[in-house]
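Following: one structure in structure tokens, then a few remarks.
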Amino acid sequence: MSRIGKAPITLPAGVNIDVSKSNVVKVKGPKGELTQQVDPDLIIEIEDGTLNVKRPTESKRHRSLHGLYRSLINNMVTGVTDGYTLQLEVIGVGYRVANTGQLLELTLGYSHPIYFAVPQEVKVEAKMEKGKNPAIFLQSHDKQLIGQVAAKIRAFRKPEPYKGKGIRFYGEEIRRKAGKTAGK
């Protein structure tokens, strides 16, 4: 039995879960509403404030989907109750970030600034404080969407291994390489 798949999901107060006949799970809470299509073979049971995901057989396919869909539903429940936050830091001389509403403006050493439109479900805030690296804060109730947006922002200027310049997740360790040594 999958350790992740067999763990029950406790439903906090204020969270409503609706499972349709076609195994579409809708989770509604104080932060928003999310939907997820679950494989039709899996069985979803809700009883006494807990949700259990069960598999019909021990086949390899059912075992692999069991833990996956339990984790996805758990992430949805956590998202609509607490939400998710991600912080990116921009490291480099002259690198700047600013936002006006949902439009993020990045100056990353290219010949032009980069404008990135952040989806409405994700709240974005850019901070530039004196003496600290510029930071980008992302908040959302959808874990998958916030991760995808953060990955796209990071891809504009990935951290390079020699000086460490670029956009990285807060606390991310970058493997540094030694530069060239002198000729003789």
- Item | At R0 = 45 Å, FRET efficiency that the Cβ-Cβ distance of residue 54 and residue 156 yields, to 0.05 | 0.55
- J(HN,Hα) series, the stretch 160-166, from Karplus relation 6.51 cos²θ - 1.76 cosθ + 1.60, nearest Hz, glycine and proline x: 9, x, 8, 10, x, 6, x
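Students often get this wrong, so check it: of 28/127; 31/123; 21/143, which have C-alpha atoms separated by over 21 Å? Display every interim value, and only then the final one.
Values: 28/127 31 Å; 31/123 12 Å; 21/143 25 Å.
Over 21 Å Cα-Cα: 28/127; 21/143.
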- Query: Given the C-alpha centroids of the stretch 9-36 and the stretch 144-169, what is the distance between them in whole angstrom?
  - Reply: 32
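Keeping every protein chain present and rolling a 1.4 Å probe, give me the accessible area per residue for the stretch 1-113 in Å². Before the final figure, lay out each step's value.
Values: 6390 Å² over 113 residues.
Per residue, the stretch 1-113 has an accessible area of 57 Å².
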- Query: Kirkwood hydrodynamic radius for the stretch 1-146: how many Å is it when counted over pairs of different Cα atoms?
  - Reply: 17.6
- Query: Among all the lysines, which ones have a C-alpha under 27 Å from residue 130's C-alpha, if same-chain residues fewer than 8 places away are not counted?
  - Reply: 152, 158, 163, 165
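Report, to two decimal places, the Cα Rg of the stretch 1-84 normalised by 2.2 N^0.38 Å (N = number of residues). Can you show the working numbers first?
Details: Rg = 12.3 Å, N = 84, 2.2 N^0.38 = 11.8 Å.
Against the empirical 2.2 N^0.38 Å value, I get 1.04 for the stretch 1-84.
For residue 64 and residue 139 in the same chain, what is the full-extension length gain: residue separation times 0.36 nm, less their Cα-Cα distance, in nm?
Working: separation 75, 0.36 × 75 = 27.00 nm, distance 3.00 nm.
Full extension of this stretch gives 24.0 nm more.
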- Note on the structure: Here the stretch 132-148 yields Karplus 3J(HN,Hα) values (6.51, -1.76, 1.60; θ = phi - 60°; whole Hz; Gly and Pro given as x) of 10, 5, x, 10, 10, 10, 10, 9, 6, 9, 9, 5, 5, 5, 5, x, 5
- Query: What residues of the stretch 79-115 lie in the reach of a label at residue 163, counting those whose backbone N is under 11 Å from a point 7 Å from the Cα along Cα→Cβ?
  - Reply: 92-95, 109
- Express in whole angstrom the spacing between the alpha-carbon centres of the stretch 95-138 and the stretch 49-84. 34
- 222 nm mean residue ellipticity, helices alone, for the chain (DSSP H n ≥ 4; -39,500 (n - 2.57); rounded to 500): -6500 deg cm²/dmol
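Arranged from highest to lowest average of other beta-carbon atoms within 10 Å per residue, in what order do the peptides 170-182, 124-136, 72-84 appear? Show your work: numbers first, answer last.
Values: 170-182: 8.5, 124-136: 14.0, 72-84: 19.3.
The most tightly packed comes first, giving 72-84, 124-136, 170-182.
The values are calculated or read from the model by the stated rules, or taken from the named source; none is laboratory data. Values in this document were obtained by computation on a predicted structure and should not be read as measured data. Cβ coordinates were reconstructed from backbone atoms using ideal geometry, including for glycine residues, and neighbour counts include every protein chain displayed. Ligands, DNA and RNA are excluded from the accessible area calculation, which covers all protein heavy atoms including side chains. Shrake-Rupley method; radii C 1.70, N 1.55, O 1.52, S 1.80 Å.
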